[in-house]
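*Asks:* I am attaching a structure below and will ask some questions about it afterwards.
The values are calculated or read from the model by the stated rules, or taken from the named source; none is laboratory data. Model, not experiment: these values are computed from the prediction. Reconstructed Cβ throughout: ideal geometry from the backbone, glycine too, with neighbour counts over all protein chains shown. These area figures cover heavy atoms from the full protein model, side chains too; ligands, DNA and RNA do not enter into them. Shrake-Rupley method; radii C 1.70, N 1.55, O 1.52, S 1.80 Å.
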Amino acid sequence: MNIKQLKYFSKIYELRNMTRAAESLHIAQPALSQQLLSLEDELKSQLFIRENKGVSPTRAADFLYGQAQTILRQLEATKALILNSSGHGETIAGKISIGLASSTASMLSLPLIQRIQEKFPGILLELMSITSADLPTMLRDGRCDFILAPDPHQSEGVSIEGLLIEELFFIVANRIPKVDSKITIKNISNTPLILPSPPNKLRARVDHAFLLEQLTYNLLAESGTVSILLPAVINGLAGTILPYSSAPKELDNGIVFAYPFKKTMYREISICYNNTIPSTPAVRSVMNCCVSLVAEMIETGVWKHCKLNTSSLF
């Protein structure tokens with residue numbers, strides 16, 4: 001097994017199609033197929049199941065992909081660090097992968113792409129919007145250079161730097177009659193809710209809030225992404241509990257309404273990275289860009305109802 005095979009395998013895994021993978025790698029498809037067969041023979045495992053419209057990975061491929069991403073990322077980091085230490089200057093280039101919860105991605109993705117394009121045109125950003133429960137696994141498996149995680153737990157080999165604190169709101173399609181500007185958990189205990197699927201840190205905060213009031217909620221449905229939660233709210237099917245960042249346009253345009261809680265609910269977003277692998281200049285540059293961009297968005301009022309977690313910013 002060699003680096004070339006891991007790169008070829010990773011491209012097939014990502015595209016799920018041999019022809020497109022070969023085109024992306026600028027090699028002939030028979031040569032790619034031969035490399036894959038050689039890798040499968042060495043590992044004594046079938047990595048892909050051939051189908052009419054492409055290939056689907058086996059369990060062995062799922063495992064290998066996580067390991068391959070760690071190896072390839074470490075290889076690129078080592079190359080950049082050696083170039084830097086040998087007097088060739090900092091290499092601010094390469095592919096940087098960031099994992100974000102879907103609500104954070106709604107607010108930050110586009111401004112971050114624009115900022116990186118302006119400051120570091122040699123960097124290719126990969127932004128992965130996934131459920132918050134899966135973010136630590138993505139980081140641990142080497143799929144991300146760093147993540148922006150809600151309420152992360154400390155774990156071995158991971159550094160956590162607080163970034164911001166967001167207020168949580170009850171978000172609903174129509175104004176609630178005979179209710180003050182702030183509401184209580186009791187006010188919404190009978191309202192149909194669509195909430196993030198467990199395990200989810202925001203969902204855990206909601207569960208805890210209802211538990212403290214010794215109340216249960218009326219759960220209509222649950223989902224791991226804002227792209228499903230928000231349309232259900234807009235269509236009046238249910239209310240939800242999310243930060244402003246999950247629906248900035250809809251809230252600003254009055255499509256949905258946000259009610260703060262009398263007992264303020266919030267969540268913390270932190271930057272998390274693997275401290276067992278030295279960060280490359282490119283990774284550090286993108287992390288610093290994230291921090292400065294978030295600070296700017298909060299200061300200018302673009303990112304509302306939150307504040308910087310200045311006690312632990314690096």
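*Asks:* Please work out if residue 161 is of a type outside the set (A, V, I, L, M, F, W, C), assigned to a loop (DSSP other than H, G, I, E, B) and under 14 Å from residue 272 (Cα atoms).
*Replies:* Here the answer is no, as residue 161 does not meet what is asked.
*Asks:* Does at least one position in the stretch 109-131 carry a residue that is at pLDDT below 90, polar (S, T, N, Q) and in a helix (DSSP H, G or I)?
*Replies:* Looking for residues that are at pLDDT below 90, polar (S, T, N, Q) and in a helix (DSSP H, G or I), one finds none in the stretch 109-131, hence no.
*Asks:* Which one is farthest from residue 260 (Cα to Cα) among residues in the stretch 282-295 that are in contact with a helix residue (DSSP H, G or I) (Cβ under 9 Å, 6 or more places away or on another chain) and of a type outside the set (S, T, N, Q)?
*Replies:* 282
*Asks:* Pairs under 7 Å by beta carbon, first residue under 25 Å from residue 256 (Cβ atoms) in the stretch 150-172, partner in a loop (DSSP other than H, G, I, E, B) and of a type in the set (Gly, Ala, Ser), six or more apart or different chains?
*Replies:* 171/247
*Asks:* Return a yes/no flag: does the stretch 251-272 have any residue that is modelled with pLDDT under 95 and on the phi > 0 side of the Ramachandran plot.
*Replies:* yes
*Asks:* Let me ask something additional. From the list 14, 23, 42, 51, exactly one residue is touching a residue at least 12 places away in the same chain (Cβ under 8 Å), of a type in the set (D, E, K, R) and open to solvent by 70 Å² or more (accessible area, probe 1.4 Å). Which is it?
*Replies:* 42
*Asks:* Now for a different question. Which of (1) within 23 Å of residue 143 (Cβ to Cβ); (2) open to solvent by 20 Å² or more (accessible area, probe 1.4 Å) is the odd one out, the single condition residue 263 does not satisfy?
*Replies:* (1)
*Asks:* Turning to a different aspect of this structure: Any chance the stretch 96-119 includes a residue that's closer than 20 Å to residue 275 by Cβ and of a type in the set (Lys, Arg)?
*Replies:* Within the stretch 96-119 (the criterion being closer than 20 Å to residue 275 by Cβ and of a type in the set (Lys, Arg)), the answer is no, since none of the residues qualifies.
*Asks:* Suppose we keep only residues that are crowded, with 19+ Cβ neighbours inside 10 Å and part of a loop (DSSP other than H, G, I, E, B) within the stretch 184-213. Which one would you say is nearest to the chain's Cα centre (by Cα)?
*Replies:* 200
*Asks:* How many residues does the stretch 93-128 contain that are under 20 Å from residue 140 (Cα atoms), among the charged types (D, E, K, R) and in contact with a Ser or Thr (Cβ under 9 Å, 6 or more places away or on another chain)?
*Replies:* 1
*Asks:* Related question: Answer with yes or no whether residue 219 is under 19 Å from residue 307 (Cβ atoms), at pLDDT 95 or above, touching a Pro at 6+ places or on another chain (Cβ under 9 Å) and not acidic (Asp, Glu).
*Replies:* So residue 219 does not fit the description; no.
*Asks:* Within the group 32, 6, which residue is of a type outside the set (Ser, Thr, Tyr), within 24 Å of residue 138 (Cα to Cα) and open to solvent by less than 50 Å² (accessible area, probe 1.4 Å)?
*Replies:* One residue alone meets the criteria, 6.
*Asks:* How about the stretch 55-71: which of its residues are open to solvent by less than 30 Å² (accessible area, probe 1.4 Å) and at pLDDT below 85?
*Replies:* Those that are open to solvent by less than 30 Å² (accessible area, probe 1.4 Å) and at pLDDT below 85: 66, 69.
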